[in-house]
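**Student:** Sharing a structure, written as structure tokens. Questions coming.
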Amino acid sequence: MDMILQPFMRSLETGSVYALAALGIIIVWRTSLVMHFAQGSMGMFGATAVAFVFNRAGAPLWISVLAGVGVAVFLGFGVDFAIIRRLKRATAVGKEIITLGLIMVFLGLAPIIFGTDPMLLPRFIKSGDLNIGSAAISYNGILNIAIGVAVAAVLFLVLQKTKIGLAIRATASNESTARLMGIPTRSVTLFAWALAGVLGMLAGVMIAPSVTVTPTFMNTVQVSALFACVLGGFQTFYGPVIGAYIIAVASNFLKLYVSSVWGDQLMYVMILVFLLFRPNGLIGRTYMQKV
Amino acid sequence: MNPTLKNIQAGAILKNAHVQFIIFGVILCFLPAIAASGAMKSSTLSTLAFVLIYSIVSIGLNLLLGYSGLVSLGTAGFMGLGAYLAAYFVENLNLSFWLAILAALVVPTIIGVGVGIVSLRVRSIYLAIATLCISEILLKTFEQLEWFTNGTAGKQSHFPVIFGVQTDRAGMFIVIVVALVLIMMLTHNVVHGQLGRALHAMRSSEVAAQAMGVNILKYKLVAFALATMYAGLAGALYLFFLKSSYPSTWNLFLSLNVIAMVVVGGLRSIFGTIAGCFIIVAIPELVLKKLPVIGDINGLPYIFSGVLIVVVIMFFPQGLKGLADLIVVAFRRKGKKQTADELVKSAD
Amino acid sequence: MADTIKQDGRPEALRIENLSIGFGGLKALDDLSFMVYEKEIFGLIGPNGAGKTTVFNCITQFYKPDSGNVFFRVENARLPKKEKKTDSGGDGADGMVNLVGRPVHSIIKLGLVRTFQNVEIIPELSLIDNVLIGAHVDFKSNMFDQAFRLPRARREEKIYHEKALEAMRFLGIDDKKDELAGGQPYGVLKKIEMTRTLMSNPRLIILDEPAAGLNDVETEELAEIIRRIREQYQCTILLVEHDMRLVMNICDRICAISFGKFLAMGSPEEIQKNTLVQEAYLGEKEDE
């Protein structure tokens, strides 16, 4: 077995998962200026819904995922509509704490609604490996990588080329100016929260086959996605995606070649040290605060 | 001395914050006796002890959140570190209770300051992410570093010997009360002196505070260091009261719960924070669990804390403290300039 | 740069040299230079958007200028330990130091203090506590002293308490010292902010539109206060102001700028007669 290419392909697979979750965090951050700590637990909730429909109702996987999209969009809309947009007076910290509170709500709700038994989700493509030299990667792994790359690519195209994308970018750069220019910023943030929910759910469905679906199964994804944003910088949409892949690769190789137990922890420390030297992330710029 | 003058003096003494803290502590010290008499369940005493332990942590986090507007997600990790250090010092190294407490105060603080220096230079929000990561690292350490923590099997300890006296459960309860009262007094002093004014200035406007010579990074670090130190102390007290510590205790949800305690209690209020702790710790334990049907649901305390966070920030941004202020204002409308409206305004 | 004494023999307090700063391609200040004498009341005027507040922010280091220098006269004793000149002159001597690149919070220690356009007061604290923040950098007692209320901390608190009371008496707000700052009338808030600047033994006070939001009577009183502060505390005052009557009334010299560029400099009379200044302000009138 190839000891470089094999783990590298594996890393691309987890990187895609982290990238989707990170995209959800960054799109909320850019449009609502809220650090979306509940991204992982909302994704968990969506993915658990998928597992529930698949396991308990016996629906085909793709129908279950569609149902999951529905749940995620509903959650995203709900959170923005019922809570975030009513927080005009709350500070940025207040909003962040709300997302922290939401983690607990989703975590408590999931077992009540979907039951306490851990559930399994199968791969999209049940079996089969593709051999590249001495390395092998499952077809499902390739599909996951493809989904990650495709979603990111489509999202960038939408952001750069379409009217909706322009509205999002305008809201991201200056919310109040965008509103004055007639951009429906409320719809933009609503869309952003729903999209974040769907991305989180997708990330959950992609990682689920290698773990079991429990209320905490997205914790690592959430932490990694947050770090991807820190590493890539909060100023661009593509920075966190790059950060996500770097983190996945680093984590896999550290686990393989340095310490299988402490690999992730080592990487966390390395990111903190990295912050010392490049506080704004890889793609970040410094910004001047208006007084 | 005529009686009215005496009354006035008594009133003035009661208004002294330190006197209030001591009276509060003295009242609490009767609780073990009440429990021993059978008027209160023994398990209730434990729950109340945890309320007091978490009060120490929350008062610390309240300094951080209330004055610097920063969130720490590492509270549980630092508490756990305090607990394991205390256990290691007393059980493995056979050192005294005091050295154990000292270690639980110092080591987490040093780690905290290091993390703070790295993360606070950029944007405030990085502290939350950096502490989240430290918390993950510490949790892994608790699980894996068996010579230190005894791993997932859990670390066992005993009631400590303090000043040559072997404590028991009631004794430890009183130790916790004393520690809490001391923390309340110190915190009160800190926020009412020059340091407190600097913290207030920073909270009100970082720009203006800097113009007055307040080094923002330094004071954010100070607030974070105090929060970490209190967490370490509370962790040690937790260990000596429960006589054991398991890695699974020190997870993210404990950190989130502490945030809920601070938010519910109200920012920058010492008694408010303690009330917040009571609500978050004791209500699920003493009330929710006993409810029919829904009491059996496992995730209920989580939902309770989470919903409280959301509701309080949305509708009562000043928490219990704000609620208490509103009631006081409603009761004495004697030409006081501060109206309910202003109180709400100053909440943002 | 060497210590220069100007033609009429008065030493300079502040010298701005070729200051430039841009925000996203827009030049807010363009090669601006001017100089303020010691113990002078100096006005900085200009139409809206001329960059007056940007000048202030560059002096106090909230903005780091793209190029240029800000020299400020500092007593040797006030300098940070590393910079103190021990070899010549001793503690009494003073010299010009460049402020550019220093941390914002270190500026007040050098003797330069400012107020803000939108009064920055802490509503939850009493008036005297608000004033005491002005003495923040002078406190020597550490956190430990304060947490345990050791004698050292208490003694220090008492000394500065007295000092704050004296300054409040000077501006006539000592009778309200224990009232909360929140809910006080605007005029009182402005006075708190002025009193607070006095706590740091300032050598130069920068006032950002002190008359904004004040009525005619209060503006008169303000003019008087500014003059008295200069006499009593022997300091230089630099103010940005929109209220022309106040500027013309109290300033010894005025510098006019427009679109970040130097326009004119002179006595109030000279500035009033200056056609460039008139045009700059007329242009603004037409826009409105």
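**Student:** Calculated FRET efficiency, A:L130 and A:A153, Cβ-Cβ r, R0 25 Å, to nearest 0.05? Provide the component values of the computation, followed by the final result.
**Tutor:** Numbers: r = 21 Å, r/R0 = 0.85.
Efficiency, rounded to the nearest 0.05: 0.75.
**Student:** Normalised by the number of residues in chain C, what is the relative contact order in percent for Cα pairs under 8 Å and 6+ residues apart? All intermediate terms of the calculation are to be shown ahead of the outcome.
**Tutor:** Details: 512 pairs, mean separation 70.6, N = 288.
Result for chain C is 25 percent.
**Student:** B:I117 to C:E124: FRET efficiency via 1/(1 + (r/R0)^6), r the Cβ-Cβ distance, R0 22 Å, to the nearest 0.05?
**Tutor:** On the way: r = 29 Å, r/R0 = 1.31.
That gives a FRET efficiency of 0.15.
**Student:** Please give the FRET efficiency for A:S260 paired with B:K243, using the beta carbon to beta carbon distance and R0 = 25 Å, rounded to the nearest 0.05.
**Tutor:** Given R0 = 25 Å and the Cβ-Cβ separation, E is 0.15.
**Student:** Calculate the spin-label point distance for C:D66 paired with C:R228, positioning each point 7 Å from the Cα along the beta-carbon direction, and give it in nanometres.
**Tutor:** Roughly 4.5 nm, to one decimal.
**Student:** Here's something else I'd like to know. Would you calculate, for chain A, the mean residue ellipticity at 222 nm contributed by helices, counting each DSSP H stretch of 4 or more residues as -39,500 (n - 2.57) and dividing by all residues, to the nearest 500? All intermediate terms of the calculation are to be shown ahead of the outcome.
**Tutor:** Values: 11 runs with 203 residues, N = 291.
Mean residue ellipticity at 222 nm (helix-derived): -23500 deg cm²/dmol.
**Student:** Please check which bits of the range A:169-198 a label hung off A:L66 would reach, taking the label as a point 7 Å along Cα-to-C-beta and the cut-off as backbone N under 18 Å.
**Tutor:** Label zone hits: A:198.
**Student:** Would you work out if the range A:5-215 is rounded, prolate or oblate? Take a ≥ b ≥ c from the square roots of the eigenvalues of the alpha-carbon gyration tensor; rounded if a/c is under 1.5, else prolate when a/b is larger than b/c, oblate otherwise. Don't jump to the answer; show the numbers that get you there.
**Tutor:** Values: a/c = 2.23, a/b = 1.41, b/c = 1.58.
Oblate, since a/c reaches 1.5 and b/c is not below a/b.
**Student:** Same structure, new question: I'd like the distance between the alpha-carbon centres of the range B:156-225 and the range C:150-188, rounded to an integer number of Å.
**Tutor:** What the calculation gives is 26 Å, centre to centre.
**Student:** Helix check for chain B. Which DSSP H runs span at least 27 Å along their own axis by Cα, with a mean Kyte-Doolittle hydropathy no less than 0.5? The partial results should precede the final answer.
**Tutor:** Working: long enough: B:42-68 (39 Å, 1.48); B:97-120 (34 Å, 2.38); B:125-144 (29 Å, 1.21); B:169-192 (34 Å, 1.95); B:216-242 (39 Å, 1.60).
Result, helices passing both filters: B:42-68, B:97-120, B:125-144, B:169-192, B:216-242.
**Student:** Follow-up. So how much slack lies between B:V311 and B:H192, counting 0.36 nm per residue of separation and subtracting their Cα-Cα distance, in nm? Present the calculation step by step, with values, prior to reporting the outcome.
**Tutor:** Numbers: separation 119, 0.36 × 119 = 42.84 nm, distance 3.03 nm.
Taking B:V311 through B:H192 to full extension adds about 39.8 nm, to one decimal.
**Student:** While we're here: At a Cα cut-off below 19 Å, give the aspartates and glutamates reachable from A:K126, other chains included and same-chain residues fewer than 8 away excluded.
**Tutor:** Within the straight-line limit of under 19 Å, A:K126 reaches these aspartates and glutamates: A:E13.
**Student:** What does the charge add up to near B:L239, with Lys and Arg as +1, Asp and Glu as -1, over the other residues with Cβ less than 15 Å from its Cβ?
**Tutor:** Numbers: positive: B:K155, B:R169, B:K243; negative: B:E91.
Charge balance in the 15 Å sphere: +2.
**Student:** With springs only between Cα atoms under 10 Å apart, run a GNM on chain A and tell me which of A:P111, A:P60, A:P279 wobbles the most.
**Tutor:** A:P60
**Student:** Can you list the aspartates and glutamates whose alpha carbon is less than 12 Å from that of C:K261, not counting same-chain residues fewer than 8 positions off?
**Tutor:** C:D30, C:D31
**Student:** Counting each DSSP H run of 4 or more residues in chain C as -39500 (n - 2.57), what helix-only mean residue ellipticity at 222 nm follows after dividing by all residues, to the nearest 500 deg cm²/dmol?
**Tutor:** Numbers: 9 runs with 97 residues, N = 288.
Computed mean residue ellipticity for chain C: -10000 deg cm²/dmol.
**Student:** Now for a different question. According to the square roots a ≥ b ≥ c of the eigenvalues of the Cα gyration tensor, what is the shape class of the range B:81-195, taking rounded for a/c under 1.5, prolate for a/b larger than b/c otherwise, and oblate for the remainder? Don't skip to the end; give the middle numbers.
**Tutor:** Working: a/c = 2.59, a/b = 1.20, b/c = 2.15.
Since a/c reaches 1.5 but b/c is at least a/b, the shape of the range B:81-195 is classed as oblate.
**Student:** Extension gain C:M143-C:N98, at 0.36 nm per residue separation less the Cα-Cα distance, in nm?
**Tutor:** Details: separation 45, 0.36 × 45 = 16.20 nm, distance 3.16 nm.
Working it through step by step, the gained length comes to 13.0 nm.
**Student:** Pairs to check: A:K88/C:K163; C:K27/C:K191; B:K220/C:K177; C:K158/C:K191; C:K82/C:K190. Give those whose C-alpha atoms are more than 31 Å from each other in this structure.
**Tutor:** On the way: A:K88/C:K163 41 Å; C:K27/C:K191 34 Å; B:K220/C:K177 28 Å; C:K158/C:K191 22 Å; C:K82/C:K190 36 Å.
Exceeds cut-off: A:K88/C:K163; C:K27/C:K191; C:K82/C:K190.
**Student:** I've got another one for you. Of C:K81/C:K140; A:K95/B:K218; B:K218/C:K109; C:K39/C:K64, which pairs sit farther than 18 Å apart, going by alpha carbon to alpha carbon?
**Tutor:** Values: C:K81/C:K140 15 Å; A:K95/B:K218 25 Å; B:K218/C:K109 16 Å; C:K39/C:K64 27 Å.
Pairs exceeding 18 Å: A:K95/B:K218; C:K39/C:K64.
**Student:** Here's another thing I want to ask about it. How high is the relative contact order of chain A, in percent, with contacts defined as C-alpha pairs under 8 Å that are six or more residues apart?
**Tutor:** 35 percent
**Student:** Using Cα-Cα distances under 8 Å and only pairs 6 or more residues apart, what relative contact order does chain B have, in percent? Kindly include the intermediate steps, with their values, before the conclusion.
**Tutor:** Numbers: 485 pairs, mean separation 93.5, N = 348.
The normalised contact order for chain B reaches 27 percent.
**Student:** For the range B:18-275, what number results from the quotient of the Cα radius of gyration and 2.2 N^0.38 Å? Intermediate values should be presented prior to the final figure.
**Tutor:** Numbers: Rg = 18.1 Å, N = 258, 2.2 N^0.38 = 18.1 Å.
The range B:18-275 yields a ratio of 1.00.
**Student:** Can you list the aspartates and glutamates whose alpha carbon is less than 18 Å from that of B:K140, not counting same-chain residues fewer than 8 positions off?
**Tutor:** Within the straight-line cut-off, B:K140 pairs with A:D264.
**Student:** Further question: Under 17 Å from a point 7 Å along the Cα-to-Cβ line of C:A77: which residues of the range C:140-183 have their amide N that close?
**Tutor:** Output list for this probe position: C:140, C:160.
**Student:** If you build a Gaussian network model of chain A, linking Cα atoms that sit under 10 Å apart, which residue out of A:V221, A:V69, A:V158 swings the most?
**Tutor:** Maximum fluctuation in the GNM of chain A, among the listed residues, is at A:V158.
**Student:** Suppose the chain between A:A59 and A:T91 were pulled fully straight at 0.36 nm per residue; how much longer would it get relative to their current alpha carbon spacing? Don't skip to the end; give the middle numbers.
**Tutor:** Working: separation 32, 0.36 × 32 = 11.52 nm, distance 4.35 nm.
So the chain would gain 7.2 nm between A:A59 and A:T91.
**Student:** Something else: Of the candidates B:G151, B:G66, B:G299, which one comes out as most mobile in a Gaussian network treatment of chain B with C-alpha springs shorter than 10 Å?
**Tutor:** B:G299
**Student:** Ignoring everything except DSSP H segments at least 4 long, calculate the 222 nm mean residue ellipticity for chain B; use -39,500 (n - 2.57) per segment, divide by total residues, nearest 500.
**Tutor:** Numbers: 17 runs with 245 residues, N = 348.
Helix-only estimate at 222 nm: -23000 deg cm²/dmol.
**Student:** Using a ≥ b ≥ c from the Cα gyration tensor of the range C:123-199 (square roots of the eigenvalues), is it rounded, prolate or oblate, where a/c under 1.5 gives rounded and otherwise the larger of a/b and b/c decides, a/b for prolate? Present the calculation step by step, with values, prior to reporting the outcome.
**Tutor:** Details: a/c = 2.36, a/b = 1.91, b/c = 1.23.
Prolate is the answer for the range C:123-199, as a/c is 1.5 or above and a/b outweighs b/c.
**Student:** Next question, about the same structure. Hydropathy first: keep DSSP H helices in chain A averaging at least -0.5 on Kyte-Doolittle, then drop any whose Cα extent along the axis falls short of 18 Å, and list what survives. The partial results should precede the final answer.
**Tutor:** Values: long enough: A:5-32 (39 Å, 0.81); A:39-56 (25 Å, 0.66); A:61-82 (30 Å, 2.00); A:92-114 (33 Å, 2.01); A:139-161 (32 Å, 1.70); A:185-207 (33 Å, 1.62); A:219-232 (19 Å, 1.44); A:238-257 (29 Å, 1.16); A:263-277 (22 Å, 1.92).
Correct list, ordered by number: A:5-32, A:39-56, A:61-82, A:92-114, A:139-161, A:185-207, A:219-232, A:238-257, A:263-277.
Quick note: the coordinates plus some simple rules give every number you see, no bench work behind them. The shown structure was predicted, so the numbers you read here are calculated from the model rather than taken from an experiment. Please note: Cβ atoms are built from the backbone with ideal geometry, for glycine as well, and neighbour counts cover all protein chains shown.
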